[in-house]
Amino acid sequence: MDILIDILNLGESKTWIVYLVACLLSFMPFAILGFLFSKHRQEEPSYLLSLDRIKGLKNSWTLLVLLIAPLTFIYNVFVWSGYAFVVIANFIAYLIKSIYDLLVKYLFSHIWNAIKWLFNAIIWVFLNIVWMPIVIIFKSLYHYCILWLWDIYKTSFLAINGTYNKSKLRVTFVGAFYALTILGISIYLSILTNYEVLGIIGLVVSVLPTLKAYGTVTSMLHYEEDKDHVEHGKKVMKTALNYVIASIVAVLAIELLLLFSWIPDLGLVFLGLAINTNVLLSAIVIVSLFVLFFAQAIFPNHLLYNDESSSMPDSIMSYLKSIKRKGVQLLLSILPGSLWTILVLLIPAALIYISVSTSDSFKQSTLNKRALSIAEDITEANEEVAKLTTEFTKEQLSEVEDAFETAIELNVRANQNNFGISFPQNVIEDPEIIFNNNNTEYTEILPNMLEGSINDTLAIAARIKEAESLIDRITRHISEYMDQSWEFKVQRKNKKDTKDDWTTIASGTDISRIVDKNIIEGRTYVYRVMAINKNGKSSWSSQYSETIGSQSLTAPSNLQISSESNFRLVFSWNDNSNNEDGFIIERRLSGKDGKWSEYASVGSDISQHIVESQDVRSKHIRKYDYRVIAQGLGEKSKPTATKSFQLILDAPKKLKSNANLKSVLLDWAYRFGYDTKKWEWIGYDRRSGLITTNKPDGIMALGEKSLATIMQEKIDSEKELLADLNEEMSFAKQRVTMFESLISYDKSQRTMLKVFKNLAFLFAVLFTALFGGIIIAIAMSYLASLFYNVYTIREEDSCYLMSLINDEKEKNKNQPLLAFTIWILVILYYTDIFADITWLSSWIS
């Protein structure tokens, strides 16, 4: 009892398992007592179940034994407990009767009658209120959970016979092949159009060929004599066609109304229609699909014994009634049927798996080797493209185009090979892969190259237009200029002449410069120019003087010497000659009339010389005199004034001190040439002397050019440029054409790959229909036999539960209504349901 109490108190939620276990444990002592009574009295209860019939079952029947044995044990526990109650009741009755016979019969007759009536009432209540519902329930459980399920299990096993029938397999294979083909094509179209409703329609339509196959096989099973079995299959398919059409029309109506709701103005009208008709259309779809769900099991067998109703409502009601009567047992038959279907399909599935695995292994090996070869070819092709596109000429266009086409073709081939390696797993995981763009490495590169070529073409065209416009404009300007008759008069005089004695040295030409060769060295000339055209003449220009140099050298001047601490020495002077070859720096010891020696030399047009630190330390300890001489034309000029200089390091400055009784702090300043604020070296101001630029010694060429000549030269140069630009334009157009062709080629190759993938998908649908059709055909052959046999199980039997209830009603018309009513009230009272109902009734009141 303690264990029973613990189980009853297990958690707050009481499940039916807890009640069942508690009930079994509470009845176990009575069951044991009943078993002991049976052995003592050498009799058994009539309702006791025996395992003698099934204890010898082996192999595939073991599953049935495992299912039946626990149920039988539970049932027998209640039977033994009831038997114990009956024996105890009989014993009590016997004991009371004995006491009555000995003592009470004469002394307490009236009391005994009352007790007898009470006892009989208790016995009646027990047998009619307690025991009778238990008997009905357990008899029903035995019938439906054991006998009925056993019949379904046995029928499922016996349905294996004839599964591998050639004529049946041929019929079911055709139906399965068409169904899978329709389903595959509908999925393909739904992916192609991005309308999932096409896949749903295909799924519904694919039911028709399977129903025809089921109907044909069912006719073969039903009729032994020669008969047109296909006719029955067509009848089944035509019957289902009404429901298929109804569901398709309803689905399409929903989709079209929702689609039309996007139409401006009228869209709200269609949306209102969609909202108001959606319930009705959805109900049609649900009812049609519900009937079609049972169609393969119900239609072929129902039409064997019944004619199709003429009206749709009558047909629906007829099939709904058939589903009500046979639906549960047909669904239950799927459970053992699935087990035997697996056994039936082991051989064909194994053969197909071995063949597919062998083929896939060979495919993987071949394509993997090809992938390595293609990868090497792609690397070479990419390198060739990169090499040729770095800088190519017009003559290399065909070579570049061939290189691009080869690289594109290899890229597409690599994509195709990779698709083949993963096929069909990649299509199963992502069916939309067959419609992707299949981009290559050059899909994005080529448009950029084309855009660059087009931009180059436009730029060249703009330059050509500009050059042509300039040529036209200058040509017009030449005519205008020649018509204006331009002339220039150039006059010259000696600057030393005080008279206004100008001499015309050039006149009557349209030039803009002349060369005056009639000059004398050392003189200074003054020039002026006048412009003349057919409309008049200008005033004289401003005067310009030019001094003609001489062959003698002019001595340098203004020699300066400075030092940068004692690390560098800087010489500077003025260059006064225009024909020197260089300068020589000479020195001697200061204070003595010693001989001058060459210290350093530099080139022409230089007015500064720097002595670096290594020479300063070794050669400038003493004081020296310095001078600079120009040399050229095979002679030397006069020297500059002598400059004395001794390199002396500057002494520290601003010496100061600070002292106390024990120490003296000395502090001074010194210019190191370093800025401690900016933390960088201070730059020295190295000034160079003035330079007189050298002049050439030869005679200048005349180089006379008129403005017309200059303009014509510009025209000629622009025409040359135009010819080059036209060549570039031709090359640029050919590049544009080439890249457009390559883009088209890339697109065509990718389109071919897309076609290949689509064909591969369709072939996959075909092979799936073939191999899947073989497997489904065998399963359909077995299931057709299963549904046919299960459909007729206990066909003539009435409802077993109702028969038990009717038997009890014949004994007592108030039974079993009174007993079950009391049981239901007791259960409701001791459960939360009764509490909820009580609360609800109180709330209503």
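The values are calculated or read from the model by the stated rules, or taken from the named source; none is laboratory data. Note that the coordinates shown come from a computational prediction; the quantities given were computed from them, not determined experimentally. Quick reminder, even Gly has a Cβ in these numbers, built from the backbone with ideal geometry, and neighbours come from all protein chains shown.
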message: Residues to consider are ILE122, ILE68, ILE74; find the one that is modelled with pLDDT of 75 or more, within 21 Å of GLU44 (Cα to Cα) and assigned to a helix (DSSP H, G or I).
response: ILE74
Residue that is modelled with the lowest pLDDT [pool: residues in segment 603-638 that are among the hydrophobic types (A, V, I, L, M, F, W, C) and within 14 Å of SER563 (Cα to Cα)]: VAL616
task: Quick one: count up the residues across segment 293-328 that are of a type in the set (A, V, I, L, M), over 15 Å from PHE787 (Cβ atoms) and in contact with a helix residue (DSSP H, G or I) (Cβ under 9 Å, 6 or more places away or on another chain).
output: 3
- request: Report yes if PHE763 is at pLDDT below 85 and either outside the structural domain of LYS154 (by TED's automatic domain parsing) or surrounded by 16 or more Cβ atoms within 10 Å (Cβ to Cβ) (or both), otherwise no.
  value: yes
message: Can you pull out every residue in segment 223-238 that is surrounded by fewer than 22 Cβ atoms within 10 Å (Cβ to Cβ), of a type outside the set (Asp, Glu) and modelled with pLDDT of 85 or more?
response: HIS229, VAL230, LYS234, LYS235, LYS238
task: May I ask you to list the residues in segment 517-532 that are surrounded by 11 or more Cβ atoms within 10 Å (Cβ to Cβ) and aliphatic (A, V, I, L, M)?
output: ILE519, VAL526, VAL529, MET530, ALA531, ILE532
Single condition LEU189 does not satisfy, out of (1) more than 35 Å from the chain's Cα centre (by Cα); (2) modelled with pLDDT under 90; (3) aliphatic (A, V, I, L, M): (1)
message: modelled with pLDDT of 85 or more and not acidic (Asp, Glu): which single residue out of SER550, SER507, SER542 fits that description?
response: SER542
query: Could you say whether any residue in segment 455-472 is under 30 Å from VAL400 (Cα atoms) and among the polar types (S, T, N, Q)?
result: yes
Pick from segment 114-128, criterion within 13 Å of PHE85 (Cβ to Cβ) and β-branched (Val, Ile, Thr), ranking: nearest to the chain's Cα centre (by Cα): VAL125
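Are any residues in segment 395-437 outside any loop (DSSP other than H, G, I, E, B), under 14 Å from LYS363 (Cβ atoms) and in contact with a helix residue (DSSP H, G or I) (Cβ under 8 Å, 6 or more places away or on another chain), and if so, which ones? Steps first, please.
Quick first cut of segment 395-437, residues outside any loop (DSSP other than H, G, I, E, B) only: 395-422, 425-429, 431-435.
If we keep only those that are under 14 Å from LYS363 (Cβ atoms) as well, we get 416-422, 425-426.
GLN416, ASN417, ASN418, PHE419, GLY420, ILE421, ASN426 - these are the residues of segment 395-437 that are outside any loop (DSSP other than H, G, I, E, B), under 14 Å from LYS363 (Cβ atoms) and in contact with a helix residue (DSSP H, G or I) (Cβ under 8 Å, 6 or more places away or on another chain).
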Unmet criterion (only one of (1) assigned to a loop (DSSP other than H, G, I, E, B); (2) surrounded by 16 or more Cβ atoms within 10 Å (Cβ to Cβ); (3) touching a Lys or Arg at 6+ places or on another chain (Cβ under 9 Å)) for GLU580: (3)
query: Of all residues in segment 177-221 being without any contact (Cβ under 8 Å) to a residue 12 or more places away in the chain and in a helix (DSSP H, G or I), which is farthest from ILE284 (Cα to Cα)?
result: THR193
task: Considering only segment 555-577, state which residues are aromatic (Phe, Trp, Tyr) and surrounded by 17 or more Cβ atoms within 10 Å (Cβ to Cβ).
output: PHE571, TRP573
- request: Kindly indicate the residue of segment 134-171 that is among the aliphatic types (A, V, I, L, M) and outside any helix (DSSP H, G or I) and also surrounded by the most Cβ atoms within 10 Å (Cβ to Cβ) among those meeting that condition.
  value: ALA159
task: Being among the acidic types (Asp, Glu) and within 25 Å of SER485 (Cβ to Cβ) is the filter; apply it to segment 510-539 and report the residue that is modelled with the lowest pLDDT.
output: ASP510
- prompt: Could we say that ILE111 is surrounded by fewer than 14 Cβ atoms within 10 Å (Cβ to Cβ), more than 20 Å from ILE88 (Cα to Cα) and at pLDDT below 80 here?
  reply: yes
field: Condition met for TYR788 (of a type in the set (Ser, Thr, Tyr), surrounded by 12 or more Cβ atoms within 10 Å (Cβ to Cβ), at pLDDT 75 or above and under 30 Å from LYS321 (Cα atoms))
entry: yes
task: Go through (1) farther than 30 Å from SER541 by Cβ; (2) touching an Asp or Glu at 6+ places or on another chain (Cβ under 9 Å) one by one and return the number of the condition GLU429 breaks.
output: (2)
